[in-house]
Amino acid sequence: MKMLNYLTVILCLTAGAAEVRGDELGGIGVGLGTKGSNIVVLSIVPNSAAAAQKTIHVGDWIMAVAQDKEPAVQIQSGNLKQARDLMRGPKGTTVRLTIVPLGDDDSRAQVVSFVRGELKLHWGDGVLLTNGTKAPDIELVVLANGASERLSNYAGKIVVLEFWASWCGPCQKAMADLQTYPGKHPDWKDKVVLIAASADENADAATKHLKAKGWGQTHNVWIRADVMKAYHVDGIPRAYVIDRQGTIVAAGPHPWDIPEIVNHELQKEQPTEAK
């Protein structure tokens, strides 16, 4: 099965070079992934340098990174670690990125500069759980009635777990697409659960947004920050696909890959219960 390989990292004040203490490290606040051989922006962290400056967007391709006035270093094909290491550095220092805006080719490359800042990481570290890992059994608050439930309640079904928020621009399309899946895939009924997990500050904000958008085709829940940490989610939108046995089969897939992943899982023989 053809699948894009997405691995997400957060460029922030996490572990780093030996010559800079951890509490001195900073970043610009973007989540990166690989699409083919390119390093692309998958998410932008709220209240970060990238969010404030608005010169880099989800989908942009990063070609090279330079430290302040030093020569730019070309990012090697698909080398996510290299990009991460080049983009983090001491807080207050400047980093310059050569980017290609979404939809353009490298002839339209442009250079944007950021001053690295402290990122107060209330969510995860961006190193997503790997395929084959048992999915953490998290608490979910059902937005329709406020009831508390567990992810394990859906054992025996394939789960698409989508993290989103009402204030997240890129999340709007991901959520809108998710609403279309039941209609496009009627064979998923009673076999697949589409869980839309809101990371809003409170449940009311998510409920109002869902009502305004008319998004009722998903199982809408609200989650606390500890859930984001359990799933290592650093930016949104972000998704996991979990199989019938509660094992992660796709971490951070691009939205357009989700139906293919789910259909692949449905084709597998469902285990029979022991008599």
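How many nm is it between the label spots at Gln74 and Asn145, if each spot is 7 Å from the Cα in line with the beta carbon?
6.0
For the chain, what's the relative contact order in percent, using C-alpha pairs closer than 8 Å and at least 6 residues apart? Let's see the in-between values first.
Numbers: 594 pairs, mean separation 54.9, N = 275.
Normalised by residue count, the contact order of the chain is 20 percent.
On a full-extension model of 0.36 nm per residue, what is the gain between Ala52 and Asp187, subtracting their alpha-carbon distance, rounded to one decimal in nm? Don't skip to the end; give the middle numbers.
Details: separation 135, 0.36 × 135 = 48.60 nm, distance 4.34 nm.
Gain in length upon complete extension: 44.3 nm.
Can you give the calculated 222 nm mean residue ellipticity of the chain, where each DSSP H run of n ≥ 4 adds -39,500 (n - 2.57) and the sum is split over every residue, rounded to the nearest 500 deg cm²/dmol?
My calculation for the chain gives -6000 deg cm²/dmol from helical runs alone.
What do you get for the angle between helix 203-213 and the principal long axis of the chain? Use alpha-carbon atoms, 0 to 90 degrees, nearest ten.
Once rounded, the angle reads 80 degrees.
Counting residues in the chain as N, plug N into 2.2 N^0.38 Å and put the Cα Rg over that result. Write out the running numbers ahead of the final one.
On the way: Rg = 19.3 Å, N = 275, 2.2 N^0.38 = 18.6 Å.
Ratio of Rg to 2.2 N^0.38 Å for the chain: 1.04.
Need the list of lysines near Lys191 for cross-linking: C-alpha distance under 28 angstrom, and skip anything on the same chain fewer than eight residues off.
Lys2, Lys134, Lys157, Lys173, Lys211, Lys213, Lys229, Lys268, Lys275
Sticking with the crude label model, points 7 Å out along Cα→Cβ, report the distance from Lys35 to Val127 in nm, one decimal please.
2.6
Loop-only trypsin sites (Lys or Arg not before Pro) in the range 110-178, please: DSSP not H, G, I, E or B, and at most 11 other Cβ atoms within 10 Å.
Values: sites: Arg116, Lys120, Lys134, Arg150, Lys157, Lys173; in loops: Arg116, Lys120, Lys157.
Passing sites in the range 110-178 are Lys120.
Express in nm, to one decimal, how much length is gained between Asp137 and Arg224 on full extension, taking 0.36 nm for each residue of separation and deducting their alpha carbon distance. Before the final figure, lay out the partial values.
On the way: separation 87, 0.36 × 87 = 31.32 nm, distance 1.33 nm.
Here the segment from Asp137 to Arg224 would lengthen by 30.0 nm.
Every read-out reported here was derived from the displayed coordinates using simple, explicitly stated rules and does not represent laboratory data. Quick caveat, the model's predicted, so the values are computed rather than measured. Every residue, glycine among them, receives a Cβ derived from its backbone with ideal geometry; neighbour counts consider all protein chains shown.
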